[in-house]
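One structure below.
The values are calculated or read from the model by the stated rules, or taken from the named source; none is laboratory data. This is a predicted model, so every value here is computed, not measured. Reconstructed Cβ throughout: ideal geometry from the backbone, glycine too, with neighbour counts over all protein chains shown. Side chains are part of the model used for accessible areas, which takes the heavy atoms of the whole protein and leaves out ligands, DNA and RNA. Shrake-Rupley method; radii C 1.70, N 1.55, O 1.52, S 1.80 Å.
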Amino acid sequence: GFEEVTILNTFNLKESINGKETIVDVRAKTKNGETVIIEIQRVGNKAFIYRGLYYWAKSYTANLKAKNKYEDLNPVISINILDLF
């Protein structure tokens, strides 16, 4: 379980004019520095797999600042709750 969770902004703003803005249902950071993103969909489709991976990747790369090393990246846990039927 999670001992301590801080709720974060759910928006990932565009980084360029041609970039993609994303919004997740819940984004939080644990006491250990892990990011947790939760996405809930009542109607799922095959495109959600790609969208979920994109959301995860955006959250993962957002952890790295210019002065950091790649090994400074913190884990991102993605929880997807879907109704596919």
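Given (1) of a type outside the set (A, V, I, L, M); (2) touching a strand residue (DSSP E or B) at 6+ places or on another chain (Cβ under 9 Å); (3) at pLDDT 85 or above; (4) open to solvent by less than 60 Å² (accessible area, probe 1.4 Å), where does N68 come up short, assuming only one miss?
(2)
Go through the range 25-76 and give me each residue that's over 22 Å from E3 (Cα atoms) and assigned to a loop (DSSP other than H, G, I, E, B).
Matches in the range 25-76: R42, V43, G44, N45, K46, L64, K65, A66, K67, N68, K69.
Restricting to the range 6-24, what's the tally of residues that are β-branched (V, I, T), surrounded by 14 or more Cβ atoms within 10 Å (Cβ to Cβ) and either at pLDDT below 70 or not in a loop (DSSP other than H, G, I, E, B) (or both)?
2
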